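Participant: Quick one: this structure, given as structure tokens, is what I'll be asking you about.
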Amino acid sequence: MGKVILGIETSCDETAVALVEDGKHVLKSLISSQIDLHRKFGGVVPEIASRKHLEVIFPLLEELFSDFPKEKIAAVAVTYGPGLVGALLVGLSVAKSLSYALNIPLIGVNHMEGHIFANFLEDPNPVFPALVLVVSGGHTDLIFMRGFGDYELLGETIDDAAGECFDKVGRVLNLPYPAGPIIDRLSSKGKPLYKFPVARLKEGSYNFSFSGLKTAVRIFCEKNPQARAEDIAASFQEALVKALVEKTVKALKNYQPAKIYLAGGVAANSKLREEFLNLGKAFKVPVHFPSLQYCTDNAAMIAAAGYHRYLLGKYAPLNLNAYPSLMLGEEKY
């Protein structure tokens with residue numbers, strides 16, 4: 001057996017643990033979702049999320065270890081940022097305890113790097129340099145990746161992230177949280193009849209802006225109460241995906257990567273996946289995105305990223321803290 005890394009992920013509202021061998025073979029992956037708990041509030045309530053993590057993480061670990069001896073674990077990898085500080089501290093505290101009790105290295109993993117490494121669970125022979133678009137509830141980042149740990153942030157959102165915009169438009173359409181998957185399904189039953197604007201930023205910028213799009217949808221709905229939700233959803237999704245694709249095309253032309261990767265929860269969106277496959281064909285560049293189970297927050301991706309840090313000997317001290325605003329490529333130990 002190769003090196004088995006225990007992954008722990010508690011950055012937001014999913015409590016997740018996993019065992020991954022050699023950074024790519026998922027032996028076991030468990031996730032406890034809090035969606036039903038937060039749905040009535042229309043979004044994640046940090047204090048409730050932290051308490052729920054405390055409630056479920058030990059039963060999850062007990063189940064994870066039910067058929068795998070803890071003594072065979074080489075290291076424990078845990079998300080230490082970005083995320084909700086209280087939620088992060090739950091995972092960190094448990095990871096530190098396991099590191100000390102089992103006398104194994106502690107490895108801190110950036111949550112965004114984890115999303116990128118979700119690709120390598122199913123693409124064990126990655127090609128670099130690569131262009132990576134990370135789209136989630138809290139982030140919309142366009143990254144030029146020269147290799148493991150070597151990232152250049154080309155552009156990011158200056159206001160709402162793509163996933164956040166999905167949820168805010170969902171509230172306008174009276175859809176339950178999280179709205180992203182529901183808007184995706186609604187869009188398949190509608191037509192993009194309405195042209196919603198997306199902010200045009202300064203020439204040459206790779207940054208994104210979605211707050212204006214969200215506002216345009218709200219104003220349209222107020223003025224056109226008779227419009228079908230399916231057509232509004234399709235029109236909104238068309239505009240948002242178009243903005244993501246346009247910036248990616250610009251980066252493809254200027255950086256000429258050998259591969260394109262999608263990552264993050266919004267990478268599960270069917271329209272975005274379709275458009276990226278079309279991009280790959282047009283530019284003759286291979287495209288890869290995680291299977292749906294690894295697009296959203298999970299611990300297997302944290303273990304995968306942790307494995308590569310383990311190989312480099314990047315072990316964290318037991319006083320490692322949580323960094324809720326940690327940037328990709330930023331090192332805190």
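Participant: Let me see the P(r) profile for segment 128-289: every Cα-Cα distance counted, bins of 5 Å, each bin given as a percent of all pairs.
Facilitator: In whole percents, the pair-distance histogram is 2, 9, 19, 22, 20, 14, 8, 4, 1, 0, 0.
Participant: Further question: Please give me the summed charge of the neighbours of Leu201: other residues whose Cβ is under 13 Å from its Cβ, Lys and Arg +1, Asp and Glu -1.
Facilitator: 0
Participant: Now, a different point. Arrange the peptides 59-67, 2-10, 87-95 so that the one whose residues have, on average, the most other Cβ atoms within 10 Å appears first.
Facilitator: The packing order, highest mean first, is 2-10, 87-95, 59-67.
Participant: Can you give the percent of C-alpha pairs in segment 221-284 whose distance is more than 20 Å?
Facilitator: Result for the distance tail: 38 percent.
Participant: Summing +1 for each Lys or Arg and -1 for each Asp or Glu, what net charge is found among the other residues whose Cβ lies under 15 Å from the Cβ of Ala227?
Facilitator: Net local charge, Ala227 excluded: +2.
Participant: Based on DSSP, what percent of beta bridges with both residues in segment 43-159 are antiparallel, to the nearest 5?
Facilitator: Percentage antiparallel, nearest 5: 70.
Participant: Place the peptides 73-82, 142-151 in order of packing, highest mean first, counting for every residue the other Cβ atoms within 10 Å and averaging per peptide.
Facilitator: 73-82, 142-151
Participant: Around Gly155, which amide H atoms from residues at least 5 apart in sequence, or from another chain, sit under 5 Å from its own amide H, with H modelled in the peptide plane?
Facilitator: Leu142
Participant: Give me the distance between the Cα centres of segment 256-321 and segment 143-159, rounded to whole Å.
Facilitator: Between the Cα centre of segment 256-321 and that of segment 143-159, the gap is 12 Å.
Participant: OK, next. Report, for segment 128-289, the % of DSSP beta bridges that are antiparallel, rounded to 5.
Facilitator: 60 percent
Participant: Moving on to the next point. Take every DSSP beta bridge with both residues inside the chain and express the antiparallel ones as a percent of the total, to the nearest 5.
Facilitator: Just about 60 percent of them are antiparallel.
Participant: Quick one: P(r) of segment 1-145 from all Cα-Cα pairs, 5 Å bins, percents rounded to integers, in order of increasing distance.
Facilitator: Here the calculated profile for segment 1-145 is 2, 9, 18, 21, 20, 15, 9, 5, 1, 0.
Participant: Here is a further query. Arranged from highest to lowest average of other beta-carbon atoms within 10 Å per residue, in what order do the peptides 300-312, 22-34 appear?
Facilitator: Sorting 300-312, 22-34 by mean packing, highest first, produces 300-312, 22-34.
Read the figures in this text as sums done on the coordinates, not as results from a lab. It should be emphasised that the depicted structure is a prediction, and the values quoted were computed from it without experimental measurement. Glycine gets a Cβ as well: all are built from the backbone with ideal geometry, and neighbour counts include every protein chain shown.
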